[in-house]
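Notes for the one structure printed next.
FYI, it's all coordinate maths here, none of it is from the lab. Note that this is a predicted model, so its numbers are computed, not measured. When we count neighbours, we look across all protein chains shown, and the Cβ atoms used for this are built from the backbone with ideal geometry, even at glycine.
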Amino acid sequence: MDVNLNDIRLFTQTVIHGGISAAAKANNMQRSKVSRRIQALEEQLGFELLIRTTRTIELTQSGKYLYERVSKQLYQIEQNIQNLKESKEEYTGKVRLAIPSALMTSETFNIIIAEYSARFPNIQMEIENHQDSVNLKREAFDLQVLPSGVEVTDDSYVQFTLLPYASRLVASKEYLDANTICSKLSDLKNHRILSNRYSAQLLDESTPIHLRSDDLNLLHTLALQHQGIAFLPYKYTDKSVKAGLLVDVLPETAFPLLNLSMVYPSAKELSPKVRALIELFKDKFK
């Protein structure tokens, strides 16, 4: 027996709404079409479901039996389908992220974006380079990642630390051999110092910065090319130091930790797609 499930649904809708006309209106259909579909269902089943009167409908015993057996299941199916649609819509649209240029080139950030894009292929991402705090609501950003020391434009924004990180002074052996000895912090005045704006704040104000750039890859490259002493996070220099391409300068000096912080307007207004990106950041930076 080939029974149309849409016809069974129309039958349950007729019972729920108390009549064929009401069911037709609720489902944006013509009354005559609903009536024909229920009649076709009765013919397929081989028994009557409804006792039709001029103003209302009554269920036959078979009609009551069928309604009691299928109405709940149909409702659950429709709810599950609706939930699935809503869940899919939550992971579409656009996510806008503001980050400092130093983070754009980091391996961890690249892993985060690659994983997020693979997990949510229907989400469009816009990533912009911003060194200073932006007005997230006005400029329609969902998130911003900022280094410590940057004042956030709005005190009401949610802020939490993603990662505290340490920095070190490094240079090539060739550079150090060709220049004066650097055995104490005051000796930095006699060298070409390469630093980003945030790390530079950890040095004495009298220390001249030969090149100040937020592009950490550039600073690292110049250090490898014997162009000066670079002040960089440990994560950017570990491989080069272990390979002997760079060496620590003033290794006994411990500089204060800097932090990467994530900022967003409100925890209550976070969409699932933004919350998923935040959780991915937390997981990768822990």
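Observations on the model:
- Residues considered: L41, L250, L202. Largest GNM mean-square fluctuation over the chain, using C-alpha springs under 10 Å, is found at L41.
- Spatially proximal lysines relative to K33 (Cα-Cα < 20 Å; intrachain offsets below 8 disregarded): K25
- Residue pairs exceeding 20 angstrom between C-alpha atoms, taken from K173/K239; K189/K239; K94/K273: K189/K239.
- Calculated mean residue ellipticity, 222 nm, the chain: -13000 deg cm²/dmol, from DSSP H runs (n ≥ 4) at -39500 (n - 2.57) each, averaged per residue and rounded to 500.
- Assigned charges on the beta-carbon of Lys, Arg, Asp, Glu; the chain dipole about Cα centre (debye): 1040 debye
- Once Kirkwood radius over Cα pairs in Å is calculated for the structure shown, the corresponding label among (1) 19.1; (2) 20.9; (3) 24.4 turns out to be (3).
- For the range 146-234: relative contact order, % (alpha-carbon pairs under 8 angstrom, 6 or more apart): 39 percent
- Legend: residue pairs K242/K282; K137/K235; K137/K268; K184/K284, Cα-Cα distance threshold 24 Å; pairs beyond threshold, K242/K282; K137/K235; K184/K284.
- Mean Kyte hydropathy of -0.5 or more with a Cα span along the axis of at least 27 Å, helices from DSSP in the chain: none
- Relative packing of 16-25, 261-270, which averages over residues the other C-beta atoms within 10 Å, highest first: 16-25, 261-270
- Hypothetical label at T53: residues of the range 1-35 whose amide nitrogen lies under 17 Å (7 Å Cα-Cβ projection): 15-22
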